[in-house]
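The values are calculated or read from the model by the stated rules, or taken from the named source; none is laboratory data. What you see is a predicted model, and the numbers here were worked out from it, not measured in a lab. With ideal geometry, Cβ positions are generated from the backbone for all residues, glycine too; neighbour counts draw on all protein chains shown. To get the accessible areas, we keep the full protein, side chains included, count just its heavy atoms, and leave off ligands, DNA and RNA. Shrake-Rupley method; radii C 1.70, N 1.55, O 1.52, S 1.80 Å.
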Amino acid sequence: MSGGADPRAGREVQPRQGWVAPHIATEFPGLGLAWVAVEAPPRRSPEPVRRRLHDLSDRFYGSQAIQMRERPIPAAYRVFFRHIGLDPDRTRTPVEQLALDRLYDGGFKSRAMPADALTVAIAETGVALRAFDADRLDGELCIRDSAPGESLPGQGELAPGTLTIADAKRPVGLLFGASGEGYAVAGDSRRIAIVAVQVKGVPQIAVDEALWMAATTLAA
């Protein structure tokens, strides 16, 4: 799979837009998918990234984390979660899960790349991001529902109509949830696809910023 320019080459990061199955787009206006691919194998995070995590920790203290859900972008994901049958107070949105992890751990702990790059971008923008091994993906990415008898590798058969992120062949991850076995970033990954899920109320400029921030942090 190809997508976006390599930030190491000094070019602008150009997100690719995935497609959404028409009936899903009708049911959930504003739902979208975008991604960039970065040549950057998993590794220990450099010192500037670890310092940035420390600085972010100082901004994500208790009351700030609680008030965060009232901000427009986190609130948009909470609304969408309810629309698809997820209770956001039990299944946390990505940015709220980060905030809870920060409170539990006493700060944003470095978990190496690409996890730290996603933490920085999600915490700064509120946009939902995830990473896949770009070389395992086949063709363009999309949001679609699972067909009867379709499965997610390593997770078993999916209930028909489950919302997934899929490539040209099969689902590679739940829309918000597990990635298929073999598609997550592993120690031997060389190209990483950073994927943003957009919902109604999340502006395109925020999605572009999140992808740019994650990609440039990952390539640092």
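For segment 69-89, name all the residues that are modelled with pLDDT under 95 and surrounded by fewer than 17 Cβ atoms within 10 Å (Cβ to Cβ).
E70, R71, D89, listed by residue number.
Within segment 162-176, restricting attention to residues that are in contact with a strand residue (DSSP E or B) (Cβ under 9 Å, 6 or more places away or on another chain) and not in a strand (DSSP E or B), which residue is farthest from R136 (Cα to Cα)?
Across segment 162-176, the extreme among qualifying residues is T162.
Taking the conditions exactly as written (open to solvent by 40 Å² or more (accessible area, probe 1.4 Å), over 17 Å from the mean Cα position of the chain (by Cα) and not basic (K, R)), does D188 satisfy them or not?
yes
Need pairs with beta-carbon distance below 6 Å; first residue part of a strand (DSSP E or B) and within segment 37-57, second surrounded by fewer than 19 Cβ atoms within 10 Å (Cβ to Cβ); sequence gap 6+ or separate chains.
Note: pairs meeting the criteria are V38/A219; E39/D6.
Among the residues of segment 191-214, write down those that are part of a loop (DSSP other than H, G, I, E, B) and either under 14 Å from A121 (Cβ atoms) or open to solvent by less than 30 Å² (accessible area, probe 1.4 Å) (or both).
If the condition is that a residue be part of a loop (DSSP other than H, G, I, E, B) and either under 14 Å from A121 (Cβ atoms) or open to solvent by less than 30 Å² (accessible area, probe 1.4 Å) (or both), then V199, V202 are the ones that fit.
For (1) touching a helix residue (DSSP H, G or I) at 6+ places or on another chain (Cβ under 7 Å); (2) aromatic (F, W, Y); (3) under 14 Å from A196 (Cα atoms), each residue gets a yes or a no:
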site: R50; (1), (2), (3): no, no, no
site: D55; (1), (2), (3): no, no, no
site: R59; (1), (2), (3): no, no, no
site: R78; (1), (2), (3): no, no, no
site: I84; (1), (2), (3): no, no, no
site: D89; (1), (2), (3): no, no, no
site: R92; (1), (2), (3): yes, no, no
site: E96; (1), (2), (3): yes, no, no
site: A121; (1), (2), (3): yes, no, yes
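With A178, A193 as the choices, which residue is among the hydrophobic types (A, V, I, L, M, F, W, C) and closer than 30 Å to R51 by Cβ?
Step by step, each of A178, A193 is checked, and only A193 is among the hydrophobic types (A, V, I, L, M, F, W, C) and closer than 30 Å to R51 by Cβ.
Yes/no matrix, rows are residues, columns are (1) on the phi < 0 side of the Ramachandran plot; (2) at pLDDT 95 or above; (3) buried (at least 19 other Cβ atoms within 10 Å of the Cβ):
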{"site": "E12", "(1), (2), (3)": "yes, no, no"}
{"site": "Q17", "(1), (2), (3)": "yes, yes, no"}
{"site": "A25", "(1), (2), (3)": "yes, yes, no"}
{"site": "G32", "(1), (2), (3)": "yes, yes, yes"}
{"site": "R44", "(1), (2), (3)": "yes, yes, no"}
{"site": "D58", "(1), (2), (3)": "yes, no, no"}
{"site": "G62", "(1), (2), (3)": "yes, no, no"}
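What pairs come up if the first residue lies in segment 206-220 and is farther than 18 Å from R44 by Cβ, the second is open to solvent by 50 Å² or more (accessible area, probe 1.4 Å) and part of a helix (DSSP H, G or I), and their beta carbons are under 9 Å apart, counting only those six or more places apart or on different chains?
Every condition considered, the pairs that remain are E209/E124; A210/E124; M213/E124.
If I filter segment 158-167 for residues that are touching a Cys at 6+ places or on another chain (Cβ under 6 Å) and at pLDDT 95 or above, do I get at least one hit?
Yes - at least one qualifying residue is present in segment 158-167.
Could you list, in sequence order, all residues of segment 143-161 that are open to solvent by less than 10 Å² (accessible area, probe 1.4 Å) and either assigned to a strand (DSSP E or B) or out of contact with any strand residue (DSSP E or B) (no Cβ under 7 Å at 6 or more places or on another chain) (or both)?
I143, L152
Filter segment 110-135 for residues that are open to solvent by 30 Å² or more (accessible area, probe 1.4 Å), in a helix (DSSP H, G or I) and in contact (Cβ under 8 Å) with a residue 60 or more places away in the chain; which is farthest from G187 (Cα to Cα)?
E124
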